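Take a look at the structure set out below.
Nothing in this text is a laboratory measurement; each read-out follows from the coordinates by a stated rule. Since the structure is predicted, the reported quantities are computational estimates derived from the model, not experimental observations. Every residue, glycine as well, gets a Cβ built from its backbone with ideal geometry; the counts of neighbours run over all protein chains shown.
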Amino acid sequence: MASTALIWGFERRPNPFFVTGTSSIQAIMNHSFGDRIKLKKVSKTLTNAEGSRKTEYLLALWMNRFVAFQLHSLEKRTEETPTGVDIERFLVSMVSEVTAIGKKRVFAVLVCA
């Protein structure tokens with residue numbers, strides 16, 4: 001069996017950012033129980049902040065697009081919470097389908113961690 005240090009014939013380099021965020025991650029873990037309770041209460045009271053008419057339009061535009069994608073492309077109910085993969089697929093779909101005003105193609109860079 002091949003060594004786990006080799007991937008597709010290349011030597012695996014150590015991740016220089018392995019410990020990045022350790023203190024904040026530890027804080028998240030330490031407060032997770034209390035945060036779950038607090039966040040459930042907060043999420044029930046969230047309302048859409050008032051913005052300009054254009055901001056409201058853009059929020060509705062993207063929500064309508066995502067709901068249509070969820071129903072027709074993913075064949076999921078809108079009550080289902082989208083996964084990260086669902087959102088990634090939506091963004092990829094939008095890059096290939098949406099055109100900007102002036103008929104210029106809209107391009108986006110998807111950065112995957």
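A few remarks follow.
- Projecting the Cα atoms of S93, S52, L74 onto the dipole axis of segment 52-97, where Lys and Arg carry +1 and Asp and Glu carry -1 at the beta carbon, places S52 farthest toward the positive end.
- Relative packing of peptides 13-20, 88-95 - highest average C-beta neighbours within 10 Å first: 88-95, 13-20
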